[in-house]
1. Could you identify the single residue in Glu258, Glu296, Glu290 that is under 22 Å from Thr203 (Cα atoms) and of a type in the set (D, E, K, R)?
2. Pairs, please: C-beta under 6 Å, at least 6 apart or cross-chain, first residue over 13 Å from Gly269 (Cβ atoms) and in the range 234-246, second in a strand (DSSP E or B)?
3. Write out, first by first residue and then by second, each pair whose Cβ atoms fall under 9 Å of each other, whose residues are 6+ apart or on separate chains, and whose first residue, in the range 270-284, is on the phi > 0 side of the Ramachandran plot while the second is in a loop (DSSP other than H, G, I, E, B) and not acidic (Asp, Glu).
4. Given Glu254, Glu234, Glu308, which one is at pLDDT 95 or above and over 27 Å from Glu109 (Cα atoms)?
5. Of everything in the range 282-306, what is crowded, with 20+ Cβ neighbours inside 10 Å, of a type outside the set (A, V, I, L, M, F, W, C) and more than 16 Å from the ligand (Cβ to nearest atom)? Give them in sequence order.
6. Checking the conditions here, which among Gly192, Gly227 is out of contact with any His (no Cβ under 8 Å at 6 or more places or on another chain) and more than 16 Å from the ligand (Cβ to nearest atom)?
7. Would you call Asn170 in contact with a Ser or Thr (Cβ under 7 Å, 6 or more places away or on another chain), at pLDDT 95 or above and either aromatic (Phe, Trp, Tyr) or not in a strand (DSSP E or B) (or both)?
8. Give me the pairs, please: first residue somewhere in the range 135-153 and within 12 Å of the ligand (Cβ to nearest atom), second residue anywhere and of a type in the set (A, V, I, L, M, F, W, C) and not in a loop (DSSP other than H, G, I, E, B), beta-carbon distance under 8 Å, and either six or more positions apart or on two chains.
Amino acid sequence: MQSIEDVRNSLVAQIATSDTPREVLKSGEIKALYGQLSSLAPEERSAYGKAVNDLKVALEAAVADREAMLDDAVVQTLDVTAPWDVNTGPRELLPTEQGTQHPLTKELEVVVDIFTRMGFEAVESRQIDDDFHMFGSLNFPENHPARDGYDTFRTEEGLIAPAHTSTMQNRIIKAGKAKLEAGGHIASISYGRVFRNEDVDATHEHTFYQVEGVFVSDKATLGDMLGVLRSFFESYYGQALQIKTQPGYFPFVEPGLEFLIEKPAALGGKPGEWLEMMGCGMIHPNVLKEAGVDPEKYQGFAWGCGVERLVMLKYGIEDLRHFESGKLGFLRKFV
Ligand code: PHE
């Protein structure tokens, strides 16, 4: 016959090493201890019964300890690359936090929404493209120094990680040609990631976002463009703004302009403090021609705007590198 003490030692040792410690409580040894009750003298039974009950309570506590330890072990060996159930096992689910949208994704939605309400359709830009769309279709002559202004990443096959969303212009105009010929117009924005081989600092990143606008009709004017851009900026910053342009060179627009706004006092600006927000201009006839649209009949305007710069001004963010850093402290400010 096993003594209560023997059973205690054996079961405590099993619980301490088991992955399913609660199963150990179903052991026949405990039942056997109760079975011995009937063979005892009546005056011994009460003390014996109490000792077996005490043993059960002690074993329960050992099981609870072991389970807590196993839970900790699950957390410590969390493999973030593994499927959910590998980490949680058959136990209760791990406590988790709901993720949130990246601030740029959120602001991009605001930007797209403003242009959509103005009647622009929105398409995503590409993250890999060819020389024709990035340069050739945009009136960059072969070996022209203007290409050097866009320090691109290239694959060994000669493909390019686009350095601007203008890489979408030719496709947008081509796709809208039928609309023009039916008496309509093209009004389209393309947005997405662009890449430049830059030395990274507080105002330069190798990876950033742009929003490109293309409008073509039989009578689009520079005045229309200024109206669209003013409406956009006033809507995005929620206030009236002073705007101005100055000459800017881009081979795919003529005239080419830089678009500036006066930094609003509400965002910490001083009078006369102008910020260059984007490049823009009337689409060059060669760009229309390259897309099969007759520049004698149709004209249009285009602009390209860095999204980070918009967002930095709105929220007073001083370092561009925060956006790609993945720092939770920064991201949580935008939840
Ligand atoms: N693609 C230009 C840039 O990234 C901006 C631009 C777009 C200028 C459209 C004019 C017209 O620098």
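The values are calculated or read from the model by the stated rules, or taken from the named source; none is laboratory data. Since this is a predicted model, take the numbers as computed values, not measurements. Cβ sites come from the backbone with ideal geometry, for glycine too, and all protein chains shown count toward neighbours.
1. After applying the criteria, what remains is Glu258.
2. Ile243/Ile261; Lys244/Leu260; Thr245/Leu257; Thr245/Phe259; Gln246/Glu258
3. The qualifying pairs are Gly281/Gly248; Gly281/Phe250; Gly281/Phe252.
4. Exactly one of Glu254, Glu234, Glu308 is at pLDDT 95 or above and over 27 Å from Glu109 (Cα atoms), namely Glu254.
5. Tyr298
6. Details: Gly192 fails: more than 16 Å from the ligand (Cβ to nearest atom).
Just one listed residue meets the conditions, Gly227.
7. Values: in contact with a Ser or Thr (Cβ under 7 Å, 6 or more places away or on another chain): yes; at pLDDT 95 or above: yes; either aromatic (Phe, Trp, Tyr) or not in a strand (DSSP E or B) (or both): yes.
Against the criterion (in contact with a Ser or Thr (Cβ under 7 Å, 6 or more places away or on another chain), at pLDDT 95 or above and either aromatic (Phe, Trp, Tyr) or not in a strand (DSSP E or B) (or both)), Asn170 qualifies.
8. Every condition considered, the pairs that remain are Leu138/Val287; Asn139/Val287; Phe140/Ala146; Tyr150/Met134; Thr152/Met134; Thr152/Ile160; Thr152/Ala161; Thr152/Phe195.
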